[in-house]
1. List every residue whose amide H lies under 5 Å from the amide H of ALA106, counting only residues 5 or more places away in sequence or on a different chain, with H placed 1.01 Å from N in the peptide plane.
2. How far apart, in nm, are two points set 7 Å out from the Cα along the Cα-to-Cβ line at GLU262 and at ALA348?
3. Which loop-located trypsin sites (Lys or Arg not before Pro) does region 189-247 contain, where loop means any DSSP state but H, G, I, E or B and the Cβ has at most 12 other Cβ atoms within 10 Å?
4. Please list, in order along region 185-196, the HN-Hα scalar couplings obtained from phi with the Karplus expression 6.51 cos²θ - 1.76 cosθ + 1.60 (θ = phi - 60°), rounded to whole Hz, x for Gly and Pro.
5. To the nearest 20 debye, what is the magnitude of the charge dipole of region 22-110 about its Cα centre, counting +1 on the Cβ of each Lys and Arg and -1 on the Cβ of each Asp and Glu?
6. Testing the spin-label approximation: label points 7 Å from Cα along Cα→Cβ at ALA42 and CYS152. State their distance in nm.
7. Which order do peptides 82-88, 166-172 fall in by mean Cβ count within 10 Å, highest first?
8. So, taking all protein chains as they sit and a 1.4 Å probe, how much accessible area belongs to LYS303, in Å² rounded to tens?
Amino acid sequence: MAAEIVSLIDKYREFLPVDLNTKIVSLGEGDTPLVKATSLPAALGFPKLNLYFKLEGLNPTGSFKDRGMTLAITKAVEDKATGVICASTGNTSASAAAFSAKAGLACFVLLPYGYVALGKVAQAIHYGAKLIQVKGNFDRALELVKEISADCGVTIVNSLNPFRLEGQKTAAFEVVEELGNAPDYLCIPVGNAGNISAYRRGFKLFHELGRTPSAPKMHGFEAAGSAPMVHGKIVENPETLATAIRIGNPVSWKEADLAAKESGGKIDCVTDEEILDAYKWLGAKEGVFCEPSSAASLAGLIKHLKEGIIPGDAEVVCVLTGNGLKDPETPQKINAVNLDPVEADLSALKKVMGF
Ligand code: AN7
């Protein structure tokens, strides 16, 4: 007999706003691997570093958004919503589309035209969402979503929806359970600043409940061309190749600021070059394929190690928020690879293999 499948909401029910009558909409989200880095610490010159990656790309739609979306869609169904809507740099829309399909809800997604990775667009289409590409950036699309939601009565499932971050805080519970304690530091990419806020809620709660003697210092990283929190002002035209975090006016700005300050951490930014270096190293040295935006966590860690802000013998968890397969084009763009076909004979093959 198959083992009983326990959804993320079921598992952490006591910490979430559901009751026994709530009908859960689940795709098997959560319970993602925490993998220990083996070669990177020494390769970076910090051999005593205890580094772990939380592989959120292994969620059912390939990103951490599924943790919040299971709860947002569950509650939308419970509240008899007629449909849901979101603006998205891609991952929220993929997740909203999938959970809506499972729940039988209409789903509208607004994407900034030309700035969403291929796999994410494919997901929205495949899960049957009404996909609208907007001639504007994410921040503009979100403004429109707020107006449409008020006018047309569809439920917003962006992180303005209070259930999203509540669901996402479960990732912090898993980290604590897996390590047996809270890490010293958590490094995480920052776009709308929701995820860093959600992790802080989770760690803070477990600390307050006495499950951990401490809570991690939260180190969040924006992309340098899209860093409103670092500069203390809205960025009108954010630019970065890390399109998932190309956001100039984060929804959870205040909570994220507090998360960093209260925990003794810091919000900083990393350049596209630093992001791509970290992205490549994850693939080549650790066998991990995350999307470029996710690598901002490792890029930020490296920056803070070099600056002495994070000590070289710390225990650190880097959150790798999304799956590399979402964005199949970047590896070919950034690596000098020859993809010309070779004659199908042994000597030609040996020649290109260097034998
Ligand atoms: C891979 O999908 O905002 O700071 O619309 O896709 O909680 O916004 C995605 C954000 C990090 C930033 N990593 O998280 C969206 C969207 C990946 C992401 C973030 C996103 P937040």
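The values are calculated or read from the model by the stated rules, or taken from the named source; none is laboratory data. Quantities reported herein were computed from a predicted structural model and do not represent experimental measurements. Note that each Cβ is placed from the backbone with ideal geometry, even for glycine, and that neighbours are counted across all protein chains shown. Only protein heavy atoms, including side chains, enter the accessible area calculation; ligands, DNA and RNA are left aside. Shrake-Rupley method; radii C 1.70, N 1.55, O 1.52, S 1.80 Å.
1. The list, which skips near neighbours in sequence, is VAL84.
2. About 6.4 nm separates the two model spin labels.
3. On the way: sites: ARG200, ARG201, LYS204, ARG211, LYS217, LYS233, ARG246; in loops: ARG211, LYS233, ARG246.
Answer by residue number: LYS233.
4. For region 185-196, the Karplus-derived couplings read 9, 10, 10, 8, x, 10, x, 7, 6, x, 5, 4 Hz, x marking Gly and Pro.
5. Working: 9 positive and 6 negative charges, 30 e Å.
Charge dipole of region 22-110: 140 debye, to the nearest 20.
6. 5.7 nm
7. Working: 82-88: 24.0, 166-172: 26.3.
Top of the packing list down: 166-172, 82-88.
8. Here the residue's solvent-accessible area equals roughly 40 Å².
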